[in-house]
Amino acid sequence: MPEEPEAADLDADAAVDLEADDESMLLAAALDRAGERWAATAPPAEIPGPGRLASLRRRYHELGAVNPYAVDEYTAVRARLEDLERQDDDLRGAIGRTRTLIDELDGLISEQFRSTFRALETSFDARFRQLFGGGFARLSLTDPTDLASTGIEIVARPPGKKAQALAMLSGGERALTAVALLFAMLEVRPVPFCVLDEVDAALDEANVGRFTTALRELAEATQFVVITHNRGTIEIADALYGVTVSDDSVSRVISLRLDEATELARPIAEPAAEPAAEPTTEPVGEPAGEPA
């Protein structure tokens with residue numbers, strides 16, 4: 001009996017038949033389109049010469065073999081191109097919206113910065129007058145047209161002196177001016193917690209008094225932790241924390257709340273006087289004699 005063809009051979013033959021059918025369909029469709037175009041267009045008056053025919057044959061052979069999958073490949077590439085175009089439109093739209101948002105934020109930031117800077121300038125001048133006992137201080141922008149890169153200049157005039165830049169002041173005046181600026185910032189934008197490290201080290205006794213007065217005013221809205229060795233600053237604190245070294249050379253942290261210490265140090269009131277003892281009375285009579 002003749003052997004039956006294998007399944008692989010059948011699949012190969014079927015694939016060849018399908019390719020042949022596809023080529024026939026493509027060729028028929030091309031001929032139909034060409035026929036429609038030729039029917040709609042009048043034929044040329046002159047017959048192409050041998051040179052023209054040779055050129056056309058050469059171009060025909062240069063095209064190579066017909067690709068039966070060209071339509072499918074074109075469809076896939078076209079879908080990929082449309083998907084990329086949609087992504088490009090989405091990206092360009094997102095970029096445009098982001099730039100619009102950046103412009104809006106820049107305008108909002110500039111407005112808030114200007115309003116905050118005006119409030120800070122007013123508060124800084126008031127705090128400067130409070131800490132120095134007079135004079136004036138002024139803040140100015142180096143480049144008001146470009147708030148993103150502008151700097152800030154400080155001009156101060158302590159009592160009895162002329163107005164000058166911050167770099168021309170003495171060390172104590174610069175320290176007190178910096179404290180005035182810091183207190184102005186805390187007044188305009190209060191924060192819950194602030195640490196001051198030896199900010200009063202360069203201040204004399206009179207300036208320390210004004211410094212502590214301003215510090216107590218701001219302490220109503222902000223909790224301060226002050227690292228200091230100044231007695232005047234220590235006296236206005238609510239609680240003290242320190243490190244001491246005992247006889248065994250071991251460091252210990254000690255703490256003290258001044259309100260509790262004040263209560264303990266307050267003199268104790270004199271106790272109320274005790275009532276006088278009542279006199280005792282004995283019956284009057286002869287003294288008892290000794291027994292006989």
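The Cα atoms of the stretch 185-269 cover 47, 40, 28 Å along the three principal axes, with the biggest extent listed first. Around residue 238, what is the net charge, scoring Lys/Arg as +1 and Asp/Glu as -1 over all other residues with Cβ under 13 Å from its Cβ? Within the 13 Å Cβ shell, the charges total -2. Computed from phi, the 3J(HN,Hα) profile of the stretch 189-202 under the Karplus parametrisation 6.51, -1.76, 1.60 (θ = phi - 60°) reads 10, x, 10, x, 8, 8, 10, 10, 10, 6, 6, 9, 5, 9 Hz, with x in place of Gly and Pro.
A cut-off of 5 Å between modelled amide H atoms, ignoring neighbours fewer than 5 places along the same chain, links residue 136 with 157. Taking the Cα centre of the stretch 59-100 as origin and assigning +1 to Lys and Arg Cβ atoms and -1 to Asp and Glu Cβ atoms, the resulting dipole is close to 240 debye. When only alpha carbons of the stretch 162-208 are considered, Rg and Dmax amount to 12.1, 37 Å.
Remark: 25, 185 ranked as 25, 185, counting other beta-carbon atoms within 10 Å and listing the fewest first. Shape analysis of the stretch 105-232 based on the Cα gyration tensor places the equivalent ellipsoid semi-axes at 26, 19, 12 Å, largest first.
Within a Cβ distance under 12 Å of residue 98, other residues only, what is the Lys/Arg minus Asp/Glu net charge? With Lys, Arg at +1 and Asp, Glu at -1, the net is +1.
For residue 196, the residues whose modelled amide H falls within less than 5 Å of its own, excluding neighbours fewer than 5 places apart on the same chain, are 225, 226, 227.
Please give me the summed charge of the neighbours of residue 258: other residues whose Cβ is under 9 Å from its Cβ, Lys and Arg +1, Asp and Glu -1. Net charge around residue 258: -3.
Here, each number is a calculation from the coordinates, and none is a lab measurement. Bear in mind the structure is a predicted one, so any value in this text is a computation, not a measurement. Because the Cβ atoms are built from the backbone with ideal geometry, glycine has one as well, and the counts that use them run over all protein chains shown.
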